[in-house]
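Presented below is the structure to which this report refers.
The values are calculated or read from the model by the stated rules, or taken from the named source; none is laboratory data. This structure is a prediction, so every number in the text was calculated from the model and none was measured. Glycine also receives a Cβ, built like all others from the backbone with ideal geometry; neighbour counts cover every protein chain displayed. In case anyone asks, the SASA skips ligands and DNA or RNA and just uses the protein heavy atoms, side chains included. Shrake-Rupley method; radii C 1.70, N 1.55, O 1.52, S 1.80 Å.
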Amino acid sequence: MSPSPLRRVPVQRRSADRLARILDACAELLDACGYEELSTRDVAARAGVPIGSVYRFFGNKRALVEALGRRNLDRYAARVEEGLARVPAGCWRGAVDVVLDEYLAMKRTVPGFGLIDFGVQVPLGARVTQVGSEVADRLAGLLAAHLGREAADGELRRAVLVAVEAADAVLQLAFRADESGDGAIVAEARRLVCAYLAQVLPGGAGSG
């Protein structure tokens, strides 16, 4: 896990609420003006807080956007965990559907997510090497519990990392083709991940 971008972790409810407003404002402005035009002053104004409140938590706008990406990942993991609870234990194909469907839902509806999802890409379009690994770690833990595997299962973690990176590349293509995600390309991403996992997970070809 990469170091926290927060200068200070809020303890009181009032501070936590202020931090949430700052992150919400950041997300909305990312959609409105993009990363390059984003400023901490504009974030403070939109959040209705003094500029000093932003700098109390963040050293610069990159740290602010990194924190937004981390919040996105926390919320995504929570949504996946909730979705997996509705899938029969051991059914990895159902689990894949949850993982992809929740990502697509956030991509289409969560402010700022379309630009940064789980991490900062600076310059825009650049890859952030640790982000895919962190997503894979979170998903591998959730899937291990769902499939009755050990949390430290290296084979599962590696398979999830490859699946995450492959799906990410194809889904980027889907959203370049259509701002809502080209349905046919999304379907290919789902097929690709399922075909791969069917070969690498023990008993995968006949389970789920």
Exercise for review: Return yes or no: is ALA27 closer than 14 Å to GLY69 by Cβ and open to solvent by less than 80 Å² (accessible area, probe 1.4 Å)?
Suggested key: yes
The condition from (1) farther than 19 Å from ARG190 by Cα; (2) at pLDDT below 90 that ALA78 misses is numbered (2)
When VAL80 is run through (1) touching an Asp or Glu at 6+ places or on another chain (Cβ under 6 Å); (2) surrounded by fewer than 17 Cβ atoms within 10 Å (Cβ to Cβ), the failure sits at (2)
Selection from the stretch 1-24 of residues surrounded by 11 or more Cβ atoms within 10 Å (Cβ to Cβ), polar (S, T, N, Q) and part of a loop (DSSP other than H, G, I, E, B) yields SER2, SER4
Given the conditions (1) of a type in the set (Phe, Trp, Tyr); (2) open to solvent by 50 Å² or more (accessible area, probe 1.4 Å); (3) assigned to a loop (DSSP other than H, G, I, E, B), every one holds for TYR55 apart from (3)
Of the conditions (1) modelled with pLDDT under 95; (2) surrounded by fewer than 19 Cβ atoms within 10 Å (Cβ to Cβ), the single one that VAL135 does not satisfy is (2)
What about GLU66, is it buried (at least 19 other Cβ atoms within 10 Å of the Cβ), under 21 Å from the mean Cα position of the chain (by Cα) and more than 20 Å from ALA145 (Cα to Cα)?
yes
Condition set hydrophobic (A, V, I, L, M, F, W, C) and part of a helix (DSSP H, G or I), scope the stretch 116-132, selection modelled with the highest pLDDT: answer is ILE116
Whether any residue in the stretch 142-150 is charged (D, E, K, R), at pLDDT below 95 and open to solvent by 30 Å² or more (accessible area, probe 1.4 Å) is what I want to check. yes
Checklist line | Filter pass, ARG191 being of a type in the set (D, E, K, R) and crowded, with 18+ Cβ neighbours inside 10 Å | finding: no
